[in-house]
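J.: Below is a structure I'd like to ask you about.
The values are calculated or read from the model by the stated rules, or taken from the named source; none is laboratory data. Bear in mind the structure is a predicted one, so any value in this text is a computation, not a measurement. Every residue, glycine among them, receives a Cβ derived from its backbone with ideal geometry; neighbour counts consider all protein chains shown.
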Amino acid sequence: MNSKPHDSTMFRAPAGVDDQRGGGGRSDHLAELRRALQSRPRTIPPRWLYDDRGSELFDEITRLAEYYPTEAEREILDRHAAMIAEVSGATTVVELGSGTSDKTRTLLDAFVAHGEIRRFVPLDVSEATLLFAAEVLNQRYPDLTVEPVVGDFTRHLSRLPDGGTRLVAFLGGTIGNFYREERRAFLGALADVLEPDDWFLLGVDLVKPVDRIMAAYFDGQGVTDAFIRNSLHVINRELDADFDVGNFDYVPMWDAREHRVDMRLRACEPECARIGALDLEIAFEPGEELRVEISTKFRADELTGELDEVGFTDVEFLTDANSDFGLVLARRADRK
Ligand code: SAH
Ligand code: AVI
């Protein structure tokens with residue numbers, strides 16, 4: 001077997017031990033959650049969505065008829081993966097927020113056929129999903145070194161593996177789950193750690209009629225509702241909290257100004273939740289909302305501008321036949 005054990009020097013998921021070496025461990029995540037819960041609207045950082053159950057629920061979402069992004073991105077990868085492998089010539093592919101790495105197999109098939117890739121490094125906070133996915137990839141690509149990393153892509157970019165030509169993939173539209181300022185910080189940090197001639201492959205969901213977007217986030221089977229609600233189960237279990245999960249309704253809204261879906265939980269009855277690990281109590285009035293996730297939809301020209309500003313160049317914007325989803329291939333510009 002060609003895989004190395006996962007790198008335990010990196011952050012090990014919300015419930016893991018504090019990472020003394022790198023900073024950005026459990027205590028940072030607790031401080032971030034405290035701030036987020038006390039802000040207005042109260043919010044929860046998205047990593048709290050992804051325990052094992054959250055990863056399973058997201059996987060279920062990707063198979064819903066209403067949830068178009070996954071199949072649209074797969075269509076683009078099917079059509080352009082060979083070109084991406086050839087143009088980049090990457091010897092290492094890193095995937096941030098890799099989850100099951102399901103669509104990534106299309107990409108890896110093309111890289112393996114092209115013959116230059118040596119290493120695949122999937123990075124995710126959701127440890128069990130990551131390690132299971134790595135095992136599947138080990139079976140499928142016996143000549144590839146698969147190095148799964150339990151890590152946080154908002155904190156650990158400076159520790160990407162060195163050497164060769166790298167392509168960093170960030171698929172699925174996960175960048176849409178960042179707030180505008182977080183997105184800028186993330187893109188800037190990534191551009192900083194890449195070398196000239198490294199590559200970035202970014203999946204983004206595109207602006208389209210609002211009814212189609214909202215149907216994808218308010219599915220008839222209630223899977224998205226369960227996914228968003230799961231964040232409270234995670235906090236209850238991992239942080240000794242007592243949210244009454246059934247006391248909240250799932251309310252997704254379209255924010256036209258920011259062109260993003262705003263996924264909230266609304267308290268039905270008054271609620272006072274205690275979060276033991278934060279030594280914090282928060283009270284909700286009936287109707288008060290907790291924002292759990294946003295999902296921004298992009299316009300090609302605006303995103304190209306953002307990438308250009310932080311130091312990416314040669315931006316190529318690929319879409320599916322329906323122009324539902326975008327896959328952006330860009331190179332790190334030479335440093336002036
Ligand atoms: N890339 C996959 C999965 C997208 S779901 C796809 O295209 O289908 C988002 C993924 O990002 C999940 O696997 C989740 O565990 C991971 N994730 C969320 N926040 C993260 C963080 N801060 N650092 C690393 N991974 C994170
Ligand atoms: C992971 N991310 C891109 C998904 C999205 O579409 O924003 C998460 C999701 N939330 C609800 N449904 C899917």
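J.: Hey, could you check region 162-210 for residues that are closer than 16 Å to Arg260 by Cβ and basic (Lys, Arg) and say which is surrounded by the fewest Cβ atoms within 10 Å (Cβ to Cβ)?
T.: Here the answer is Arg180.
J.: Six or more apart or on different chains, Cβ under 8 Å: which pairs go from a residue in region 219-238 that's of a type in the set (Gly, Ala, Ser) to one that's surrounded by fewer than 18 Cβ atoms within 10 Å (Cβ to Cβ)? Could you list them?
T.: Gly220/Glu66
J.: May I pose another question? So if I check each of Ile228, Ile235, Ile175, Ile213, which one is touching a Phe, Trp or Tyr at 6+ places or on another chain (Cβ under 8 Å), in a helix (DSSP H, G or I) and more than 16 Å from ligand 1 (Cβ to nearest atom)?
T.: Ile213
J.: Can you tell which of Leu130, Leu167, Leu123 is within 16 Å of ligand 2 (Cβ to nearest atom), part of a strand (DSSP E or B), modelled with pLDDT of 95 or more and touching an Asp or Glu at 6+ places or on another chain (Cβ under 8 Å)?
T.: Leu123
J.: Next question, about the same structure. Out of all the residues in region 38-53, which are in contact with a helix residue (DSSP H, G or I) (Cβ under 8 Å, 6 or more places away or on another chain), of a type outside the set (Val, Ile, Thr) and more than 10 Å from ligand 2 (Cβ to nearest atom)?
T.: Arg42, Pro45, Arg47, Trp48, Asp51, Asp52, Arg53
J.: Further, regarding this structure: So which residues in region 64-78 are away from ligand 1 (no atom under 11 Å from the Cβ) and part of a loop (DSSP other than H, G, I, E, B)?
T.: Passing the criteria: Leu64, Ala65, Glu66, Tyr68.
J.: Additional query: Inside region 243-278, can you point out the residues that are in a strand (DSSP E or B) and either farther than 17 Å from Ile228 by Cβ or among the aromatic types (Phe, Trp, Tyr) (or both)? Please lay out each step first, then the result.
T.: Quick first cut of region 243-278, residues in a strand (DSSP E or B) only: 248-255, 260-267, 271-275.
Listed by number, the residues that qualify are Phe248, Tyr250, Trp254, Cys272, Arg274, Ile275.
J.: Another one. Look at Asp143 and say whether it is free of Cβ contacts under 8 Å to residues at least 40 places away in the same chain, away from ligand 2 (no atom under 16 Å from the Cβ) and either at positive phi or of a type in the set (D, E, K, R) (or both). I'd like the intermediate steps shown before the answer.
T.: Values: free of Cβ contacts under 8 Å to residues at least 40 places away in the same chain: no; away from ligand 2 (no atom under 16 Å from the Cβ): yes; either at positive phi or of a type in the set (D, E, K, R) (or both): yes.
It is false that Asp143 is free of Cβ contacts under 8 Å to residues at least 40 places away in the same chain, away from ligand 2 (no atom under 16 Å from the Cβ) and either at positive phi or of a type in the set (D, E, K, R) (or both).
J.: Further question on the same structure: Between Leu107, Leu157, which is touching a helix residue (DSSP H, G or I) at 6+ places or on another chain (Cβ under 8 Å), within 16 Å of ligand 1 (Cβ to nearest atom) and either without any contact (Cβ under 8 Å) to a residue 24 or more places away in the chain or under 25 Å from Lys208 (Cβ atoms) (or both)? I'd like the intermediate steps shown before the answer.
T.: Values: Leu157 fails: either without any contact (Cβ under 8 Å) to a residue 24 or more places away in the chain or under 25 Å from Lys208 (Cβ atoms) (or both).
After applying the criteria, what remains is Leu107.
J.: Ser295 - would you say it is of a type in the set (Ser, Thr, Tyr), within 16 Å of ligand 1 (Cβ to nearest atom) and in contact (Cβ under 8 Å) with a residue 60 or more places away in the chain?
T.: Yes: the conditions hold for Ser295.
J.: Answer yes if at least one residue in region 48-61 is at pLDDT 95 or above, in contact with a strand residue (DSSP E or B) (Cβ under 7 Å, 6 or more places away or on another chain) and in a helix (DSSP H, G or I), and no otherwise.
T.: Yes, region 48-61 has at least one match.
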